[in-house]
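A short worksheet on the structure shown next.
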Amino acid sequence: MTTPLRLGIAGLGTVGAGVAKIVAAKSNLLAARAGRPVVISGVSARTRDKDRGVDLSGYAWEDDPVALATRDDVDVFVELMGGADGPAKDATEAAIAAGKQVVTANKAMLALHGQHLAETAERAGVALRFEAAVAGGIPVVKALTEGLAGNQITRVMGVMNGTCNYILTRMETAGLPYEEVFAEADALGYLEADPTLDVGGIDAGHKLAILASIAFGTQVNFGAMQLEGIERITIEDIRQAADMGYRIKLLGVAQMTGRGLEQRMSPCLVPADSPLGQLEGGTNMVVLEGDAVGQIVLRGPGAGEGPTASAVLSDVMDIARGDRISTFGQPAADLEPAVGAQTAVPARYYLRLELLDKPGALAKVATVLGQAGVSIDRMRQYAHEETSAPVLIVTHKTDRASLDHALDALPGTGVLSGQPVAIRIEQV
């Protein structure tokens, strides 16, 4: 009989338990598709006596994930513990040093240490695979490294945090303020232990940094990521954007420009009738643009037991078949350092201003914008309260530096009540 591929799974949370369930329930299917049996030989987690919905009694147990990573009866170390450093990184490095293949879902570890781990794995002649680290069940890593290998990628764009998309969708459909929907998402268990990883755009930024490395042949450079979360988005922004034909999404965009690699994760307005604009709830979407293929759209569940375990198994199956590919699609030693673009590609912007009820207020705003080189495409004023009125402006394309100059100058006009809000409008 063909020698089985033996897995050691470190981390038995939602995803780890999901992988164990699939291996137990679909052993015949996996063997047929891989050309050899796929089995679990050992597991590791912080708590042994916990009901995970799957029988683990037949597997060796290691309290220390490093011990699991270096067992003689483990061929593939499956790291599902999470965390950029600590046990996850230690065990991954130990597995590579011991000549084990590695499959991980750890986006933070790859975003911060991916170049080092890739070089180490490739020198050792072992695989480091991570389909499950980006966009859950969507096979976007495979799409970039294999399906679109004949393309020069021009832009990677997407909604890659389901929690943020849920919050923004819920705010819109239920007419609820951010604070109330945030508390609701927390009660439902949608948020990370540190919520800023979700709502601050950090989680999605990790994913975008990984995809940018693959797409543009650069070393992972999360430090150059421009990050802005959704905490400042109000129900008024959502309603007024909708009134102008847009929806607000936490959108990641990576593209190579003449000024360097642009990487940003921030709230953006997208046309309501676009694929990204129609995305609802916790679903993820990644848009890839290549010189030969044009634009393709990948949509699916971005998290959860089944989708993420499915992505883990896709990497395991490639290893079982003997498929080999460089970690980021090209030899890690050949990846160029990513020079971060200091300014973003010019775009149109949505501005929300609360103007005091004073004569000439709009004229002062228009003057400040004009002096900064920002021209107005269209403007809308809403029925005002006793002392102020909301005004929406959509600009023509402008660079962010010019817009920031205008935003800094606007409070000096004496006609604003509160701080202006500016949100980029992304061409999709």
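Within the chain, what whole-number % of the accessible surface is contributed by carbon and sulfur, with the 1.4 Å probe and all protein chains included in the calculation?
Working: 8600 of 17570 Å².
Carbon and sulfur atoms account for 49 percent of the accessible area of the chain.
Between residue 356 and residue 179, the FRET efficiency from the beta-carbon distance, with R0 = 30 Å, is close to 0.70.
Listed by chain and number, the aspartates and glutamates whose alpha-carbon sits under 16 Å from that of residue 100, ignoring those within fewer than 8 places in the same chain, are 72, 73, 75, 79, 90, 119, 122, 315, 318, 323.
Based on protein heavy atoms only, the range 187-264 ends up with 35 Å² per residue of surface accessible to a 1.4 Å probe. The angle between the Cα long axis of helix 14-25 and the longest principal axis of the Cα atoms of the chain comes to about 40 degrees, rounded to the nearest 10. Using a probe of 1.4 Å, the accessible surface attributed to residue 216 totals some 30 Å² when neighbouring protein chains are kept in position. Rounded to the nearest 5, what is the percent of antiparallel bridges among the DSSP beta bridges in the chain? Within the chain, antiparallel bridges account for around 65 percent of the total. Restriction of the GluC sites (Glu not before Pro) in the range 133-220 to DSSP coil positions whose beta-carbon has at most 11 other beta-carbons within 10 angstrom yields no sites. Identify which of 394, 159, 78 has the largest mean-square fluctuation in a Gaussian network model of the chain, with springs joining Cα atoms closer than 10 Å. Of 394, 159, 78, the Gaussian network model singles out 394 as fluctuating most.
Helix 178-187 and the long axis of the chain differ in direction by around 20°, with both axes built from C-alpha atoms. Protein-only accessible surface at a 1.4 angstrom probe places the residues 377, 203 in the order 377, 203, largest first.
For the range 259-273 and the range 53-85, write down the distance between their C-alpha centroids in whole Å. If you average the Cα positions of each part, the centres end up 39 Å apart.
Any of 107/142; 50/107; 207/249 with alpha carbons more than 19 Å apart? Name them for me. Walk me through the numbers before you get to the answer.
Details: 107/142 16 Å; 50/107 26 Å; 207/249 16 Å.
Where the Cα-Cα span goes over 19 Å, the pairs concerned are 50/107.
Taken along the Cα-to-beta-carbon direction at a fixed 7 Å, the label points for residue 367 and residue 154 span 4.2 nm. Note the angle between two axes, namely the Cα long axis of helix 162-174 and the longest principal axis of the Cα atoms of the chain, as a number of degrees from 0 to 90, rounded to the nearest 10. Value to nearest ten degrees: 40.
For the range 362-428, report the accessible area per residue in Å² (1.4 Å probe, heavy atoms, rounded to an integer). Let's see the in-between values first.
Numbers: 3460 Å² over 67 residues.
Per residue, the range 362-428 has an accessible area of 52 Å².
Considering helices alone, the calculated mean residue ellipticity of the chain at 222 nm is -10000 deg cm²/dmol, with DSSP H runs of length four and up weighted by -39500 (n - 2.57) and normalised per residue.
I need the peptides 10-19, 222-231 ranked by packing, meaning the mean over residues of other C-beta atoms within 10 angstrom, with the highest value on top. All intermediate terms of the calculation are to be shown ahead of the outcome.
Working: 10-19: 23.7, 222-231: 18.8.
Highest mean packing first, the order is 10-19, 222-231.
Considering Cα pairs under 8 angstrom that are at least six residues apart, work out the relative contact order of the chain and quote it in whole percent. Display every interim value, and only then the final one.
On the way: 913 pairs, mean separation 68.5, N = 428.
After rounding, I find 16 percent.
Counting only protein heavy atoms and using a 1.4 Å probe, the accessible area of residue 244 comes to about 20 Å².
Show me the trypsin sites (Lys or Arg not before Pro) within the range 176-276 that DSSP assigns to loop and that have at most 13 other Cβ atoms within 10 Å of their Cβ. Present the calculation step by step, with values, prior to reporting the outcome.
Numbers: sites: 207, 232, 239, 247, 249, 259, 264; in loops: 232, 259.
Counting only loop positions with at most 13 other Cβ atoms within 10 Å, the trypsin sites (Lys or Arg not before Pro) in the range 176-276 are 232, 259.
The residues of the range 32-153 have, on average, 41 Å² of accessible surface per residue, using a 1.4 Å probe with all protein chains present. Quick one: check the C-alpha center-to-center distance for the range 199-242 versus the range 296-330, whole angstrom. Their Cα centres are 22 Å away from one another.
Report the FRET efficiency, 1/(1 + (r/R0)^6), for residue 27 and residue 84, where r is their Cβ-Cβ distance and R0 is 41 Å, rounded to 0.05. Please report the intermediate quantities before stating the final value.
Details: r = 34 Å, r/R0 = 0.82.
According to the calculation, E is roughly 0.75.
Identify all aspartates and glutamates with a Cα-Cα distance to residue 364 below 16 Å; exclude those on the same chain that are fewer than 8 residues away in sequence. Answer for residue 364, where 16 Å is the Cα cut-off: 354, 408, listed by chain and number.
The values are calculated or read from the model by the stated rules, or taken from the named source; none is laboratory data. Keep in mind that what you see is a predicted model, and the values were worked out from it rather than measured. FYI the Cβ positions are ideal-geometry reconstructions off the backbone, even for glycines, and counts take in every protein chain you see. Note: accessible area is taken over every heavy atom of the protein model, side chains too, but ligands, DNA and RNA are not part of it. Shrake-Rupley method; radii C 1.70, N 1.55, O 1.52, S 1.80 Å.
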